[in-house]
1. When you go through (1) modelled with pLDDT of 90 or more; (2) assigned to a helix (DSSP H, G or I); (3) not β-branched (Val, Ile, Thr) one by one for Gly85, which number turns out not to apply?
2. Considering only segment 55-92, state which residues are β-branched (Val, Ile, Thr), within 20 Å of Gln8 (Cα to Cα) and open to solvent by less than 90 Å² (accessible area, probe 1.4 Å).
3. Residues in segment 98-128 that are at pLDDT 80 or above and either open to solvent by 90 Å² or more (accessible area, probe 1.4 Å) or in contact with an Asp or Glu (Cβ under 6 Å, 6 or more places away or on another chain) (or both): how many?
4. Scan segment 30-54 for residues that are open to solvent by 60 Å² or more (accessible area, probe 1.4 Å), at pLDDT 90 or above and among the aliphatic types (A, V, I, L, M) and jot them down.
5. Could you check segment 4-29 and list, in sequence order, the residues that are in contact with a helix residue (DSSP H, G or I) (Cβ under 8 Å, 6 or more places away or on another chain), of a type outside the set (A, V, I, L, M, F, W, C) and open to solvent by 40 Å² or more (accessible area, probe 1.4 Å)?
6. May I ask you to verify whether Ala42 is at negative phi, touching a residue at least 40 places away in the same chain (Cβ under 8 Å) and among the small types (Gly, Ala, Ser)?
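The values are calculated or read from the model by the stated rules, or taken from the named source; none is laboratory data. Note that the structure is predicted; figures quoted are calculated from it, not measured. Cβ atoms come from the backbone with ideal geometry, glycine included; neighbour counts cover every protein chain shown. These area figures cover heavy atoms from the full protein model, side chains too; ligands, DNA and RNA do not enter into them. Shrake-Rupley method; radii C 1.70, N 1.55, O 1.52, S 1.80 Å.
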Amino acid sequence: IMRIYILQSFCILLLANIPFGTGIFVATMVAFSCFQTGGQAAINTLLAMTYPSKIRSTGIGWAGGVGKMGGVLGPLFGGMAVSSGTSLPVTIIFAALPPLAVPSSLFLFQRAQSADPLGVARGTGGAV
């Protein structure tokens, strides 16, 4: 999952340097779309395997809500950056940063999981 979001950021960075409307631009947009869709599906699968069944729908719902907030705030901040005179390549570089928060979060999640391998802190394991 981490690689998917790193590749998604890479595609965004490529878009800052590729002429609009060229074949490579379209190919990069298709790759970005695949990484975006695949990454979200992978996150949902990970959450379904991680959350206890009693709160699974809540956890997946929160993840979807955070994604939707990004879908609203991203264009808002992008429009503000462009209207304030920030160049498009710099704006796109800033747009490539949020997808990198996913691998960072997953890295911290893995560390927390390895510190509690039996799931005692989550209430899913431990002594019976």
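1. The failed condition is (2).
2. Within segment 55-92, Val66, Val90, Thr91, Ile92 qualify.
3. Of the residues in segment 98-128, 4 are at pLDDT 80 or above and either open to solvent by 90 Å² or more (accessible area, probe 1.4 Å) or in contact with an Asp or Glu (Cβ under 6 Å, 6 or more places away or on another chain) (or both).
4. Val30
5. If the condition is that a residue be in contact with a helix residue (DSSP H, G or I) (Cβ under 8 Å, 6 or more places away or on another chain), of a type outside the set (A, V, I, L, M, F, W, C) and open to solvent by 40 Å² or more (accessible area, probe 1.4 Å), then Asn17, Pro19 are the ones that fit.
6. Answer is yes for this residue.
Conditions (1) part of a helix (DSSP H, G or I); (2) of a type in the set (D, E, K, R); (3) farther than 19 Å from Pro103 by Cβ, marked per residue:
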| residue | (1), (2), (3) |
| --- | --- |
| Ala27 | yes, no, yes |
| Phe35 | yes, no, no |
| Lys54 | no, yes, yes |
| Thr58 | yes, no, yes |
